[in-house]
1. For LYS176, go through the lysines and keep the ones whose alpha-carbon is under 18 Å away, minus same-chain ones fewer than eight residues off.
2. With every protein chain kept in place and ligands, DNA and RNA left out, what is the accessible area per residue of the stretch 93-147? Probe 1.4 Å, answer in Å².
3. So what is log10(I(q)/I(0)) for the stretch 21-93 at q = 0.22, 0.25 1/Å, when the Debye sum runs over its Cα atoms only?
4. Amide H to amide H, which residues 5 or more places from VAL73 or on other chains are under 5 Å from it, using H placed in the peptide plane?
5. Sort the following peptides by mean Cβ neighbour count (other Cβ atoms within 10 Å, averaged over residues), highest first: 94-107, 21-34.
6. Along its principal axes, what span do the Cα atoms of the chain show, with the longest given first and each in whole Å?
7. I need the phi-derived Karplus couplings for the stretch 78-88: 6.51 cos²θ - 1.76 cosθ + 1.60, θ = phi - 60°, integer Hz, Gly and Pro marked x.
8. How far, in degrees from 0 to 90, does helix 49-62 lean away from the longest principal axis of the Cα atoms of the chain, to the nearest 10?
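The values are calculated or read from the model by the stated rules, or taken from the named source; none is laboratory data. Since the structure is predicted, the reported quantities are computational estimates derived from the model, not experimental observations. All Cβ positions, even for glycine, are placed from backbone atoms using ideal geometry, and neighbour counts span all protein chains on display. Accessible surface areas use protein heavy atoms only, side chains included; no ligands, DNA or RNA. Shrake-Rupley method; radii C 1.70, N 1.55, O 1.52, S 1.80 Å.
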Amino acid sequence: FILHSYHQEYPWTNQEHQGLVGALNKHFPEQELSISTEYLDTKRLAFTGEYQTFFARYLSHKYADYLPDIVFVSDDNALQFIKHYGERIFPGAPVVFCGVNDLSVAKQLQGRNFYGVFEVKDIPANLNLISQLFSTIETVSFVGDGETTYQAIYTQVLAAAASDLPNYRLEFLANKNIEQVANLITASPAPVQVVVLTTVGG
């Protein structure tokens, strides 16, 4: 069973899916794999508690007589969802995750049947590069869609900026609509001199 955080047409999700399915087929060439895939679609729908409850009931009903050998989840929202509802929907199934940015979740998974790869961005190196390339600027704006991945990056940037960009004014501008992000940049009271794109909706 595969659960993606975003929608099927989102390039990042599509590439993750193709890579995963391709790797499974490569490593199990003699077996006919049965793969069921669902999409949370949280680039276009708010990842609220009400929505998660609805989606959990939907999966519980649809897969009432289905227990996968393994559950794969991609990105933060799918992991968060399975962390809360997975044992209820697919009891005992091990979970493998990828593309997760929120490193704090690692402690919550200790001792549980979860395995995976965190997506670790080298934020200090990027901040250092900004200071080298733009030594005379005053303001750096970090823009994104405001979703879960953006929030994780925001936390990491704040933690690193105190030591790596101590002399800069930092702005964080977020909106799911890229046109609204552009409007926020234009309306900024400070002259925007460097813009760092962290995440974008699709």
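1. LYS43
2. Numbers: 2940 Å² over 55 residues.
Accessible area per residue, the stretch 93-147: 53 Å².
3. -1.07, -1.26
4. Distant-sequence amide H within range of VAL73: LEU3, VAL96, PHE97, CYS98.
5. Top of the packing list down: 94-107, 21-34.
6. Cα extents, longest axis first: 61, 31, 30 Å.
7. So the Karplus estimates, Gly and Pro as x, are 5, 5, 4, 4, 5, 4, 8, 10, x, 5, 6 Hz.
8. Taking Cα atoms only, the helix is inclined about 20 degrees.
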